[in-house]
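Right, one structure below, let's go through it.
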Amino acid sequence: MLINTLKAKAKQIRLDILNAIKKAGKGHIGGSYSIVDILVTLYYGKILKFDPANPKWEKRDRFILSKGHAGVALYSVLADLGFFSKDELNFLNNGKMLGEHPDQFIPGIEIISGSLGHGLSIGAGMALADKFDNKIHRKTFVILGDGECYEGSVWEAANFAAHHKLFNLCVIIDRNKLITHGLTENINALGSIKDKFISFGWEAQEIDGHNINNLLKFFKSISSNNTNKPIALIAKTIKGKGVSFMENIASWHHGEINEESFLIAEKQLKLRNK
């Protein structure tokens, strides 16, 4: 029943994202849709510890969306959970709290993540501080885009985290193989990201980033990490997942949704059963 509930929630969140971007007039829908199932598993699958009534709760786990351009996906989850009103999802046009990229003044958001390449470094610092303070009950989760892995700071942080044995740190790579201008492997080939993290001294695993059952099993399996190593999940995803004309199309990285596209996407999402 939990898996079915999570799948239904993922459908709802995709519809909320679609509506928010339509109202805003533009947005990063492709890379938002590729991480929805990961976010839903973390936030609704009893993986992350959090309190919408007390966003700075000392015992919370930290979640960092390093690929901040997909902020609307996280906003939709946080609004649904009650961190702030769903009225805020009319972002960009309402002059209120939300912008296209997240910042730490928004309830439930830990850091500003407009510029790529910073999230893993910050997450590693948080995890190290918790280790020093013996707050090992807290975990830090970071989502990176695969194109973000072009940034050298990602690998500096990977080396740092392994050296300091940050077993309380988990990074999730959104491996949809597309960036703004096309395929990652045509522009600057990344090869096996799993092998790269292993070579830096991490535990690493590669799974389908849209299979909620497998995602749930993975996150539950790392709840008590006894390896003394940070953990990397390379999530094989589809950019624009859930809408046929958006899937695996680089041009849906960012843009507007006209009325015709909106109605087709809305119909497809409502008819989805997984």
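Side notes on the structure shown:
- Mean-position separation - Cα centroids, the stretch 124-159 and the stretch 9-84, in angstrom: 19 Å
- Mean projection area, nm², convex hull over Cα of the stretch 9-77: 4.8 nm²
- ³J(HN,Hα) computed for each position of the stretch 49-56 - Karplus, 6.51 cos²θ - 1.76 cosθ + 1.60, integer Hz, glycine/proline x: 9, 7, 9, x, 6, 9, x, 9
- Helical runs assigned H by DSSP (4 residues or longer) give the chain a calculated mean residue ellipticity at 222 nm of -11500 deg cm²/dmol, each run adding -39500 (n - 2.57) before division by the residue total.
- Ordering of 47-54, 251-258, 221-228, 61-68 by burial proxy (mean other Cβ atoms within 10 Å per residue, highest first): 61-68, 251-258, 47-54, 221-228
- In order along the stretch 152-165, the Karplus-derived 3J(HN,Hα) couplings, from 6.51 cos²θ - 1.76 cosθ + 1.60 at θ = phi - 60°, round to x, 4, 4, 7, 4, 5, 4, 5, 4, 5, 5, 4, 8, 6 Hz, and Gly and Pro are given as x.
- Ranked by how many other Cβ atoms sit within 10 Å of their own Cβ, fewest first, the residues 140, 184 fall in the order 184, 140.
- Segment residue 268-residue 198, extension gain: residue separation times 0.36 nm, minus the distance between their alpha carbons: 21.3 nm
- Sequence-distant contacts, meaning Cα pairs under 8 Å at least 6 residues apart, place the relative contact order of the stretch 2-271 at 24 percent.
- The C-alpha atoms of the chain define a longest principal axis, and helix 71-81 lies at about 90 degrees to it.
- Taking other residues whose beta carbon is less than 9 angstrom from the beta carbon of residue 126, and scoring Lys, Arg as +1 and Asp, Glu as -1, yields 0.
- The angle separating the long axis of helix 259-271 from the principal Cα axis of greatest extent in the chain is about 60 degrees.
- Separation of the residue 153 and residue 181 label points, Cα + 7 Å toward Cβ, nm: 2.1 nm
- Between the Cα long axis of helix 119-132 and the first principal axis of the chain there is an angle of about 40°, rounded to the nearest 10.
- Cα gyration tensor category, rounded, prolate or oblate, for the stretch 117-258 with a/c compared to 1.5: prolate
- Sorted fewest first by neighbouring Cβ atoms within 10 angstrom, 170, 149 come out as 149, 170.
- Burial order of peptide ranges 205-211, 260-266 (average beta-carbon count within 10 Å, highest first): 205-211, 260-266
- Pairs of Cα atoms farther than 24 Å apart, the stretch 2-271, %: 45 percent
- Candidate lysines - alpha carbon under 18 Å from residue 139, same-chain residues fewer than 8 apart omitted: 46, 49, 56, 59, 131, 165, 217, 220, 229
Each reported figure results from applying straightforward, stated rules to the coordinates on display, with no laboratory input. Values in this document were obtained by computation on a predicted structure and should not be read as measured data. Cβ sites come from the backbone with ideal geometry, for glycine too, and all protein chains shown count toward neighbours.
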